[in-house]
Amino acid sequence: MTGEGYIIIHGPLAGMGPVQHEAIPFSEAQPSPDGEFWRCKRPDGSRRCFFAPPPST
């Protein structure tokens, strides 16, 4: 988590391929009903939705 949102790091499969970083602003994150992180994707791999646990106080 950063001051602006979340960063997802997509690692290479079996050590092959590039490492990718995806920034998700807080305004695009939805509250997670089960307290877990979830990233939904479209068939092309682009992000459809992102759920994050509520911040702890």
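Residues of segment 9-57 that are touching a strand residue (DSSP E or B) at 6+ places or on another chain (Cβ under 7 Å) and modelled with pLDDT under 90: Ile9, His10, Val19, Gln20, His21, Pro54.
I'd like the residue in segment 21-47 that is in a strand (DSSP E or B) and farther than 19 Å from Ile9 by Cβ and, out of all such residues, is farthest from the chain's Cα centre (by Cα). Result: Pro31.
The values are calculated or read from the model by the stated rules, or taken from the named source; none is laboratory data. This one's a predicted model, so the numbers in the text were calculated from it and none came from an experiment. Ideal geometry is used to build each Cβ from the backbone, glycine not excepted, and the neighbour counts take in all protein chains shown.
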